[in-house]
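Trainee: Below you'll find the structure I mean.
Here, each number is a calculation from the coordinates, and none is a lab measurement. Model, not experiment: these values are computed from the prediction. A quick note on method: Cβ atoms are made from the backbone with ideal geometry, for glycine too, and the neighbour counts reach across all protein chains shown.
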Amino acid sequence: MNRLARKYGAQGLQVIGVTRRLGAVAPKTGQSIKTPEFEEELKALTDYHRDFELAWPVIVGETDAINVSYGEMGVPMTVIIDKRGIIRQITQGYKPEHDVPFIERLLNEK
């Protein structure tokens, strides 16, 4: 996803991460640690974003309202929205072999 965001960003592609409060984080150790405070979870997410040099912003909700709106199927979930704001594809996971050609076509639309 990082390569995609960097390669097509100048052509108008915007990648935005969306998540919600999960009540736990999995630091580099891979072990899940409960986080009683939302601020702790935000800090862990910020650290992750920095450590892995993610090329996109992440939106974090305190509830699962956005998950309900998009019909969350699992993590990760890919929602592709065109230049007009129309949802063109919702899929579970990220499949670059399928998504990249589709994104290239959308970027070339007028």
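Trainee: Considering only the range 1-18, state which residues are part of a helix (DSSP H, G or I) and polar (S, T, N, Q).
Mentor: Asn2, Gln11
Trainee: So if I check each of Thr91, Thr63, which one is of a type in the set (S, T, N, Q) and surrounded by 13 or more Cβ atoms within 10 Å (Cβ to Cβ)?
Mentor: Working: Thr63 fails: surrounded by 13 or more Cβ atoms within 10 Å (Cβ to Cβ).
Only one candidate passes the filter, namely Thr91.
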